[in-house]
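The structure appears below as structure tokens.
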Amino acid sequence: MLALTRKKGEALVINNNVELTILDIRGDQIKIGIQAPREVPVYRKEVYLQIQKENEEALNFDGLAALKDIMG
């Protein structure tokens, strides 16, 4: 993991097309602005992990069997 120090108003550029800007710092919370092309998905990690879990469950054989039962 790369760890960088940034101050309010400073930014990082990732892959020439994603820019992260530190908008505000209050105590232990940081507000980050993200500028990225529409085709680049941006998720909070907890949401991303939930999406992965649901995708894995959808591929689960038991889930497929249940879907077949519902569809008749």
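With springs only between Cα atoms under 10 Å, which of Leu23, Leu59, Leu12 fluctuates most in a Gaussian network model of the chain?
Leu59
Kindly sort Arg26, Arg44 by accessible area of their heavy atoms, largest first, with the probe set to 1.4 Å.
Details: Arg26 175, Arg44 155 Å².
The ordering from most to least exposed comes out as Arg26, Arg44.
For the chain, what is the accessible area per residue in Å² when the probe is 1.4 Å?
On the way: 6900 Å² over 72 residues.
Here the residues of the chain average 96 Å² of exposed surface.
Within straight cross-link reach of Lys68, meaning Cα distance under 18 Å, which lysines are found once same-chain residues fewer than 8 apart are removed?
Output for Lys68: empty list, no partners.
Can you pull the percent of Cα pairs in the chain with separation above 21 Å? Can you show the working numbers first?
Details: 1310 of 2556 pairs.
More than 21 Å apart: 51 percent of the Cα pairs in the chain.
Suppose R0 equals 30 Å. What FRET efficiency, 1/(1 + (r/R0)^6) with r the Cβ-Cβ distance, do Lys7 and Tyr48 give to the nearest 0.05?
On the way: r = 27 Å, r/R0 = 0.91.
My answer for the efficiency is 0.65.
Cross-link partners among lysines for Lys7, C-alpha distance below 17 Å, same-chain residues fewer than 8 apart left out?
List returned: Lys31.
Ordering Ile22, Ile30, Ile14 from largest to smallest accessible area (1.4 angstrom probe), what's the sequence? Show your work: numbers first, answer last.
Numbers: Ile22 30, Ile30 105, Ile14 85 Å².
Highest to lowest solvent-accessible surface, that is Ile30, Ile14, Ile22.
What's the angle, to the nearest 10 degrees (0 to 90), between helix 45-59's Cα axis and the longest principal axis of the chain?
Helix 45-59 sits at roughly 20 degrees to that axis.
Pairing the Cα long axis of helix 61-71 with the longest principal axis of the chain, what angle in degrees results, from 0 to 90 and rounded to the nearest 10?
Helix 61-71 and the main axis of the chain meet at about 60 degrees.
Over the chain, what is the relative contact order in percent, taking alpha-carbon pairs closer than 8 angstrom and at least six residues apart? The partial results should precede the final answer.
Working: 54 pairs, mean separation 11.8, N = 72.
Relative contact order comes out at 16 percent.
If the label point is 7 Å along Cα→Cβ of Asn16, which residues in region 32-50 have backbone nitrogen under 19 Å from it?
35-41
So how strong a dipole does region 2-72 carry about its Cα centre when Lys and Arg Cβ are +1 and Asp and Glu Cβ are -1, to the nearest 20 debye? Could you put the intermediate results ahead of the total?
Numbers: 10 positive and 11 negative charges, 100 e Å.
Here region 2-72 has a charge dipole of around 480 debye.
The values are calculated or read from the model by the stated rules, or taken from the named source; none is laboratory data. The structure displayed is predicted, hence computed values, not measured ones. All Cβ positions, even for glycine, are placed from backbone atoms using ideal geometry, and neighbour counts span all protein chains on display. Ligands, DNA and RNA are stripped out before the accessible areas are found, and what is left, the full protein with its side chains, is counted by its heavy atoms. Shrake-Rupley method; radii C 1.70, N 1.55, O 1.52, S 1.80 Å.
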